[in-house]
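Read the structure below first, then the notes.
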Amino acid sequence: MRIIDISQELLSCAVYPGDSAPSAKRVKTVKEDKYNLTELSMCVHNGTHIDAPLHFLDGGKAINELQVEIFYGKCTVTDDSEPFSDVLKRCGERLLLKGAKEFSVLEIEALAQAGVHLIGIESQTIGDMDVHIAALSAGIVPLEGLRLAEVPPGEYTLCAFPINIAGSDGAPVRAVLMDG
């Protein structure tokens with residue numbers, strides 16, 4: 001089995017315009033304190049991350065309230081040049097889209113009807129606010145900021161568990177694909 005890391009490195013990751021960039025500060029060192037300790041400051045939507053319904057839906061579920069099963073299992077990786085109608089015919093509960101394309105509301109509605117529960121994209125956003133509201137209202141969880149350039153289209157197992165942060169509208173993820 002091959003395991004492919006499809007996450008961004010956090011401290012050098014892409015940051016959505018207007019969000020604060022992540023930073024790390026070494027506050028203890030082995031030399032001075034006999035151990036190293038790092039403090040981290042970041043927006044939960046930096047780098048590779050999950051959007052919880054609470055991000056756009058008043059009263060929506062927080063990241064810690066989502067069923068963890070959605071973040072692990074069979075997924076389809078497809079290229080944004082593939083006709084969307086073909087993608088719909090063969091994708092399962094999880095769909096990862098290679099390339100720069102973002103989703104439209106009509107595509108989100110079609111994905112919901114097809115039984116998709118998680119969509120992943122290389123961009124820091126799956127689309128505008130209307131796209132997010134449509135996806136989250138339909139029970140589709142966005143996984144944003146993936147790195148899929150070196151991943152051939154096909155069927156994989158996705159493992160993309162968000163950090164458990166009570167009451168949060170999103171969380172960082174270490175996402176991997178497994179084949180074989």
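The values are calculated or read from the model by the stated rules, or taken from the named source; none is laboratory data. Keep in mind the model is a prediction, meaning the values are calculated, not measured. FYI the Cβ positions are ideal-geometry reconstructions off the backbone, even for glycines, and counts take in every protein chain you see.
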Contacts under 6 angstrom Cβ, first residue in the stretch 114-143 being under 24 Å from LYS89 (Cβ atoms) and in a loop (DSSP other than H, G, I, E, B), partner basic (Lys, Arg) and modelled with pLDDT of 95 or more, 6 or more apart
none
Residue under question is VAL30, and the condition is that it be within 28 Å of ALA110 (Cα to Cα) and β-branched (Val, Ile, Thr); does it hold?
no
In the list GLY167, GLY180, which residue meets the criterion of being touching a strand residue (DSSP E or B) at 6+ places or on another chain (Cβ under 7 Å) and over 17 Å from GLU9 (Cα atoms)?
GLY180
Are there any pairs with C-beta distances below 7 angstrom linking a residue in the stretch 1-26 that is more than 27 Å from CYS75 (Cβ to Cβ) to a residue that is assigned to a loop (DSSP other than H, G, I, E, B) and among the hydrophobic types (A, V, I, L, M, F, W, C), with the two at least 6 apart or on different chains, and if so which?
SER20/CYS43; ALA21/VAL15
Would it be correct to say that LEU111 is under 16 Å from VAL173 (Cα atoms), of a type outside the set (Lys, Arg) and surrounded by 16 or more Cβ atoms within 10 Å (Cβ to Cβ)?
no
What number of residues within the stretch 52-93 are touching a residue at least 12 places away in the same chain (Cβ under 8 Å), in a loop (DSSP other than H, G, I, E, B), surrounded by fewer than 18 Cβ atoms within 10 Å (Cβ to Cβ) and of a type outside the set (A, V, I, L, M)?
6
Condition test on THR38, is it surrounded by fewer than 19 Cβ atoms within 10 Å (Cβ to Cβ), part of a loop (DSSP other than H, G, I, E, B) and at pLDDT 95 or above?
no
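Answer yes or no as to whether SER7 is in a loop (DSSP other than H, G, I, E, B), among the small types (Gly, Ala, Ser) and within 21 Å of ILE165 (Cα to Cα).
yes
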Exclusive hit being out of contact with any helix residue (DSSP H, G or I) (no Cβ under 9 Å at 6 or more places or on another chain), crowded, with 16+ Cβ neighbours inside 10 Å and not β-branched (Val, Ile, Thr), set HIS45, HIS49
HIS49
Any chance LEU96 is within 17 Å of the chain's Cα centre (by Cα), outside any loop (DSSP other than H, G, I, E, B) and either in contact (Cβ under 8 Å) with a residue 12 or more places away in the chain or within 20 Å of VAL151 (Cα to Cα) (or both)
yes
Within the stretch 99-114, take every residue that is out of contact with any Cys (no Cβ under 9 Å at 6 or more places or on another chain) and among the small types (Gly, Ala, Ser) and give me the one that is farthest from GLU144 (Cα to Cα).
ALA110
Filter the stretch 124-158 down to the residues that are among the small types (Gly, Ala, Ser) and surrounded by 18 or more Cβ atoms within 10 Å (Cβ to Cβ), then identify the one that is farthest from GLN67 (Cα to Cα).
GLY127
Please go through the stretch 77-100 and pick out each residue that is farther than 15 Å from GLU122 by Cβ and touching a helix residue (DSSP H, G or I) at 6+ places or on another chain (Cβ under 7 Å).
PHE84, LEU88
